[in-house]
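These notes are about the structure you will find just below.
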Amino acid sequence: MPRLHHSDQGSQYTSDDYLDLLENDEVILSMSDVGRCYDNAMMESFWATLKTECADRPFPSRAAARQAIFEYIEIWYNRQRRHSALGYLSPQPRPVRAACLPLTF
C-alpha cells in the first residue's frame, strides 16, 4: 500500500536530505504550492485538534501513543465527535436522526 506524506513548504520538509529519505522509502510526497495556504487548511485544522484533544502530553511509549491516537481517530473523532462542518453533528449516522427526517414519496 502506498504511503503518503502531506506537508507544507517548511524548510525541514523541502531539504534534499529529507526528500531523499522519502524517495528511498517510496513515500509519495504531497505538498501545496508556495502561497497556497488554503490547500492545507483542513489537515492543519485536524492536526491542531488532535494535538489539543489527544496528544496534549508526552506518551510513556511509542506503542501507547499509537494506541491512543488510533482510538482517538477511529473511535472518537470519526464516530462520536461533533464536527462544525457537519452542523455540529457526529459523522456516525444514528437511527434517531433518520427517524426524525420527514418522509417524501
Report task. Determine which single condition R97 fails, assuming it passes every other condition in (1) in a loop (DSSP other than H, G, I, E, B); (2) farther than 26 Å from Y13 by Cβ; (3) modelled with pLDDT under 85. Result -> (1)
Query raised in the report: Can you tell me which of L50, L29 is free of Cβ contacts under 8 Å to residues at least 60 places away in the same chain, assigned to a helix (DSSP H, G or I) and surrounded by 11 or more Cβ atoms within 10 Å (Cβ to Cβ)?
Result: L50
Report task. Output the qualifying pairs, or none if there are none: Cβ atoms under 8 angstrom, residues six or more apart or on different chains, first residue in region 76-88 and surrounded by 10 or more Cβ atoms within 10 Å (Cβ to Cβ) and outside any loop (DSSP other than H, G, I, E, B), second residue hydrophobic (A, V, I, L, M, F, W, C) and modelled with pLDDT under 70. Result -> H83/L89
Report task. Six or more apart or on different chains, Cβ under 6 Å: which pairs go from a residue in region 3-20 that's of a type in the set (A, V, I, L, M) to one that's in a helix (DSSP H, G or I)? Could you list them? Result -> none
Report task. Please determine, by comparing only the residues of region 28-38 that are hydrophobic (A, V, I, L, M, F, W, C) and under 16 Å from Q12 (Cα atoms), which one is modelled with the lowest pLDDT. Result -> V34
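The values are calculated or read from the model by the stated rules, or taken from the named source; none is laboratory data. These numbers come from a predicted model, not from an experiment. As a convention, Cβ positions derive from the backbone with ideal geometry for all residues, glycine included, and neighbour counts pool all protein chains shown.
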